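The values are calculated or read from the model by the stated rules, or taken from the named source; none is laboratory data. Fair warning: this is a prediction, and the values are worked out from it, not measured in the lab. FYI the Cβ positions are ideal-geometry reconstructions off the backbone, even for glycines, and counts take in every protein chain you see. Heavy atoms of the whole protein, side chains included, go into the accessibility calculation; ligands, DNA and RNA do not. Shrake-Rupley method; radii C 1.70, N 1.55, O 1.52, S 1.80 Å.
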Amino acid sequence: ETLTGQVTLEQIKADLLALLRYLAITHKANFLPAYSGFMKPWGDQWQSAFSAAIAGESAWMAWDLLDENLKLLCARMVIHEANRFNTRPPDSGVLKNTRSEDNAWNSEVLALAGCMFPDHPNSSIWRERAIIYMINAYAREADRQETRTIDGRPVKDWIPAVNIPPDYTLENHGRVHPDYMMSTWTVFRNAHLYRAAGLPIPESLSYNSRHVYQVLK
């Protein structure tokens with residue numbers, strides 16, 4: 001069987017496993033640095049949680065194809081990156097350099113870890129921290145006073161950060177930036193993680209994002 005008439009399904013599976021093994025084994029949570037002496041192991045970096053989330057999600061969706069060793073390597077990678085945000089506050093920035101996209105993509109590894117490893121001792125922490133990072137991706141100053149309850153708490157109790165002005169625009173690189181206003185998709189990706197785990201989708205996942213999208217349109 002081939003896909004697109006050129007690549008067999010077996011080749012796609014082999015490529016996926018090879019890529020996952022390379023990414024997982026070279027993560028600093030594991031034991032083999034990439035090209036020792038030439039490249040450093042990756043992890044604990046600006047966007048490494050986002051990369052780990054995408055790789056970890058791919059591993060989870062193909063879990064039955066992974067051998068036990070590769071499962072362990074991928075699990076260690078995801079858990080390591082999720083634990084970075086157990087106490088770290090979400091980022092904040094409004095004028096000229098929003099941190100919306102940082103909070104959005106960092107929410108992914110937390111949501112993934114909480115859904116992927118429900119029996120882990122940190123599972124409840126990851127799920128709570130995922131909510132915090134999702135809701136703070138598009139929070140305004142006025143939202144820090146909102147008493148409406150979302151995901152079991154008043155909104156104001158979830159929000160330490162501010163990332164958008166009152167008009168629901170996003171600024172980066174010194175201007176209102178439509179590319180960054182599209183970063184809502186990063187949070188929306190979390191929805192299918194909760195569905196795959198049989199968990200309710202947090203209300204925080206879509207907080208203020210519809211308003212941002214309407215302004216973008």
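Counting the residues of the range 52-62 that are small (G, A, S) and either farther than 17 Å from W126 by Cα or touching a Gly at 6+ places or on another chain (Cβ under 6 Å) (or both) gives 4.
Check the range 117-139 and report whether any residue there is among the polar types (S, T, N, Q), buried (at least 23 other Cβ atoms within 10 Å of the Cβ) and assigned to a loop (DSSP other than H, G, I, E, B). For the range 117-139, residues among the polar types (S, T, N, Q), buried (at least 23 other Cβ atoms within 10 Å of the Cβ) and assigned to a loop (DSSP other than H, G, I, E, B): absent. Got at least one residue in the range 181-191 being within 23 Å of S51 (Cβ to Cβ) and modelled with pLDDT of 95 or more? Yes, there is a match, as at least one residue in the range 181-191 is within 23 Å of S51 (Cβ to Cβ) and modelled with pLDDT of 95 or more.
Residues in the range 185-217 that are touching a Phe, Trp or Tyr at 6+ places or on another chain (Cβ under 6 Å) and β-branched (V, I, T): T186, I201, V212, V215. The requirement of being in contact (Cβ under 8 Å) with a residue 60 or more places away in the chain, open to solvent by 30 Å² or more (accessible area, probe 1.4 Å) and out of contact with any strand residue (DSSP E or B) (no Cβ under 6 Å at 6 or more places or on another chain) is satisfied by R99. Taken over the range 142-154, the criterion of being without any contact (Cβ under 8 Å) to a residue 24 or more places away in the chain and outside any loop (DSSP other than H, G, I, E, B) is satisfied by R144, Q145, T149, R153, P154. The set of residues in the range 75-93 that are part of a loop (DSSP other than H, G, I, E, B), open to solvent by 20 Å² or more (accessible area, probe 1.4 Å), free of Cβ contacts under 8 Å to residues at least 60 places away in the same chain and not polar (S, T, N, Q) comprises R84, R88.
The single condition from (1) open to solvent by 20 Å² or more (accessible area, probe 1.4 Å); (2) under 15 Å from D91 (Cβ atoms); (3) among the hydroxyl-bearing types (S, T, Y); (4) at pLDDT 90 or above that T147 fails is (2). When K13 is tested against (1) at pLDDT 75 or above; (2) touching a Pro at 6+ places or on another chain (Cβ under 6 Å); (3) not β-branched (V, I, T), exactly one condition is not met: (2). When restricted to residues that are in contact (Cβ under 8 Å) with a residue 24 or more places away in the chain, open to solvent by 20 Å² or more (accessible area, probe 1.4 Å) and in a helix (DSSP H, G or I), the range 165-217 contains 10. Checked against (1) under 14 Å from the mean Cα position of the chain (by Cα); (2) modelled with pLDDT of 95 or more, G152 passes all but a single condition, namely (1).
Does V162 count as under 20 Å from L216 (Cα atoms) and either within 19 Å of the chain's Cα centre (by Cα) or open to solvent by less than 50 Å² (accessible area, probe 1.4 Å) (or both)? Yes: the conditions hold for V162.
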